[in-house]
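K.L.:
I'd like to ask some things about the structure below.
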Amino acid sequence: MLDINIIRGKMALASAGLKKRNIENADDLLNKLVALDDTRKRVQTILDEKLARTNALSKQIGELFKSGKRDEAEILRQESVDLKEEVSQLQDEQLKVLQNLEEELLQIPNIPHESVPLGKTPEDNEVVRKWGEFPVLASDNDLPHWDLAKKFGIFDLELGVKLTGAGFPVYTGKGAQLQRGLINFFLTQATNAGYKEVIPPLLVNETSARATGQLPDKEGQMYEMKEDPYFLIPTAEVPITNMFRGELVEEKDLPIRLTGYTPCFRREAGSYGAHVRGLNRLHQFDKIEIVQIAHPDKSYEVLEEMVAHVESLVKALELPYRVLRLCGGDLGFTSTLTYDIEVYSAAQKRWLEVSSISNFETYQTKRLMLRYKDVDGNRKLANTLNGSALALPRILAALIENNQEPDGIRMPKAIQSFVGFDKLS
RNA sequence: GGAGAAUUGGCAGAGUGGUCGAAUGCGGCGGUCUUGAAAACCGUUGUACUGUGAGGUACCGGGGGUUCGAAUCCCUCAUUCUCCGCCA
C-alpha cells in the first residue's frame, strides 16, 4: 500500500509513474485520494474538538459531584449526553472515511522506478545482459525434461495425480536426491553470502497474507484451509517478511538478510494450456527465497547485490541465462523495479523464468508497519526486497535437458558434493 | 479437548470508577562531581494522528458494552503459564 503522504508530496512523480503502468486516468485517481485524505483530516479535527469538550465536561462533573453541587452537575451531564450522540456519529463517519481511503489506496500499484522501461507486454522487457552459450544437443539426445524424467526415473507426474492431482510431482530416487542437494546448495550459498536461514510455518493467517499483499489482491491464488482461517504459503516471502511486521529495528542493523527454503503452493487458477507441461508450472514446488530489509538510501544497491547473488547461482550450475528488467506493463503490482532471471532450456528451446528479484521500497512496510529508528531517533519506513534464489522445478528442467548424455545426466561440478553423484543414470 | 491463573510503558511491577499516559525500581539519554571511569546526586525518558504554534485527540492484549466519566465494571476473542486428557 502506498503512503498517502508520499502521494501528497510527490504528485507529479506518482502520476508519471502510474502512467508508465499504462494507467491512463492516473491523475483522477490521485486527486480522488488526496480529496479523501482531506476529508479524513477534517472529520478528525471536528471529532477531536468534540471529544475535548466531552473530556472537559466529565472532569467538571466529577468535581461538582464531589463538592455536592448535584444540580449544576446534572445540567452538564445533559450536555454531555447530547455531545455523545454527535461523537458517535462522527466516529462512524471517521471509520467510513478511513476504510474508504484504505480501499482506494489498495487499488493503487507501486510507483515504478525511473529505470523501468515503457511497455505493455513481456516482449517489451529490457534484456540487461546475457551469459553462457546455448548447449548444442545431439539429435538423439534432445529430450525434454518430461521424457528424461521417465527415462531416468527422476520424477513422476502421473503418480502425483494419483496421490493429489495435476501439478503435484513425486520426485523419485536420484531425482529426489538431486532436489535435496540443490536445496542444500542454494541455502549454503545464501548463508555464505550473509543471509540468516529460517524455517518458517507453511501456513499463515489472514493478517500475514494481507500485510504482504496476497490478500485481497491475489485472492483465489492461495489454498485456504477449511477448518481454520489459514492459507498455504505461495512463497516464503509471506512468512519471512511478516516476521518483521510491526517491528522497529535499529538503523545500524540494516540491512537484514534472511533466507528460507519452503515448498510453495499456488492454485494457478486459469493458467492452463501451452507451456505448462512437465515442471514448467506446478501447484507445489520448492523454492529458496532471499529477503532483505534495507535502508531507503541503499535499497537499489541491495537490489543489484541480490541479482548478482542469483546470477552466481545459475553460473555455478553452468546454465546459460539472461537478466531482464521488467517493463511497466509486466511489472508486479507491488514492486518498483523487478529483474527476472531466465535460464535457457535446450530441449524446449525456450527461456524459463527461474527468479524474480524486486524492490518494493515502502509499499510493503507501510502495511507491515516495519520501521527503523534513524540517528535522530525518527521512525521511518524501511524498504523491503526479495527474490528467488532459486525456484527448483525449472532449474531442474533446464539442468537435466542441457546436460543429457547417452548414458545419463552430467552434474555440474559445483553441486556434485551436494547431490552425492556426478552423473544421474 | 477440559479446568484454573494471568496479560499495564524498553524490562520488572503498583494501580478496583474521576485530577492516571499511568506510582516505584531497573535500563536509556543529558548533566554535576572526577585526571579518566565507576559510584553518588540532579534532570530527562512511550507511540500515533492532528495543528504554523500553544495545544488537542487516541492508545494499559484485541474487539464490543455499561457510565457524564473506564487501566479499573460487564461480554467476547486471542495469547501465555499451571494441572488433566490425547499425541509425533
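K.L.:
Can you work out which of the residues in region A:53-63 that are open to solvent by less than 60 Å² (accessible area, probe 1.4 Å) and closer than 14 Å to residue A:79 by Cβ is farthest from the chain's Cα centre (by Cα)?
P.N.:
Filtering first and then ranking leaves A:61.
Quick grid of which residues meet (1) of a type in the set (Gly, Ala, Ser); (2) more than 23 Å from residue A:23 (Cα to Cα):
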{"site": "A:333", "(1), (2)": "no, no"}
{"site": "A:336", "(1), (2)": "no, no"}
{"site": "A:339", "(1), (2)": "no, no"}
{"site": "A:344", "(1), (2)": "no, yes"}
{"site": "A:355", "(1), (2)": "yes, yes"}
{"site": "A:360", "(1), (2)": "no, no"}
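K.L.:
Quick one: is residue A:213 under 29 Å from residue A:352 (Cβ atoms), touching a His at 6+ places or on another chain (Cβ under 7 Å) and at pLDDT below 90?
P.N.:
Spelling it out, it is not the case that residue A:213 is under 29 Å from residue A:352 (Cβ atoms), touching a His at 6+ places or on another chain (Cβ under 7 Å) and at pLDDT below 90.
K.L.:
Within region A:325-337, is there a residue that is farther than 21 Å from residue A:155 by Cα, open to solvent by less than 10 Å² (accessible area, probe 1.4 Å) and among the aromatic types (Phe, Trp, Tyr)?
P.N.:
no
K.L.:
If you go through region A:371-389 one residue at a time, do you hit one that is surrounded by 23 or more Cβ atoms within 10 Å (Cβ to Cβ), more than 15 Å from the chain's Cα centre (by Cα) and more than 16 Å from RNA strand B (Cβ to nearest atom)?
P.N.:
no
K.L.:
Moving on. What's the total number of residues in region A:86-136 that are touching a residue at least 40 places away in the same chain (Cβ under 8 Å) and open to solvent by less than 90 Å² (accessible area, probe 1.4 Å)?
P.N.:
Number of matching residues: 32.
Every residue, every condition in (1) in contact with a Ser or Thr (Cβ under 8 Å, 6 or more places away or on another chain); (2) near RNA strand B (Cβ under 10 Å from one of its atoms); (3) under 30 Å from residue A:328 (Cα atoms), yes or no:
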site	(1), (2), (3)
A:53	no, yes, no
A:68	no, no, no
A:86	no, no, no
A:108	no, no, yes
A:112	yes, no, yes
A:117	no, no, yes
A:120	no, no, yes
A:127	no, no, yes
A:132	no, no, yes
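K.L.:
Another question about this same structure. Can we say residue A:34 is more than 9 Å from RNA strand B (Cβ to nearest atom) and buried (at least 16 other Cβ atoms within 10 Å of the Cβ)?
P.N.:
Here the answer is no, as residue A:34 does not meet what is asked.
K.L.:
Tell me which residues, restricted to region A:37-51, are within 6 Å of RNA strand B (Cβ to nearest atom) and among the aliphatic types (A, V, I, L, M).
P.N.:
Answer for region A:37-51, where residues must be within 6 Å of RNA strand B (Cβ to nearest atom) and among the aliphatic types (A, V, I, L, M): just A:51.
K.L.:
Taking the conditions exactly as written (open to solvent by 30 Å² or more (accessible area, probe 1.4 Å) and either within 16 Å of RNA strand B (Cβ to nearest atom) or modelled with pLDDT under 90 (or both)), does residue A:420 satisfy them or not?
P.N.:
no
The values are calculated or read from the model by the stated rules, or taken from the named source; none is laboratory data. As the structure is a computational prediction, the values presented were derived from the model and not from experiment. Ideal geometry is used to build each Cβ from the backbone, glycine not excepted, and the neighbour counts take in all protein chains shown. These area figures cover heavy atoms from the full protein model, side chains too; ligands, DNA and RNA do not enter into them. Shrake-Rupley method; radii C 1.70, N 1.55, O 1.52, S 1.80 Å.
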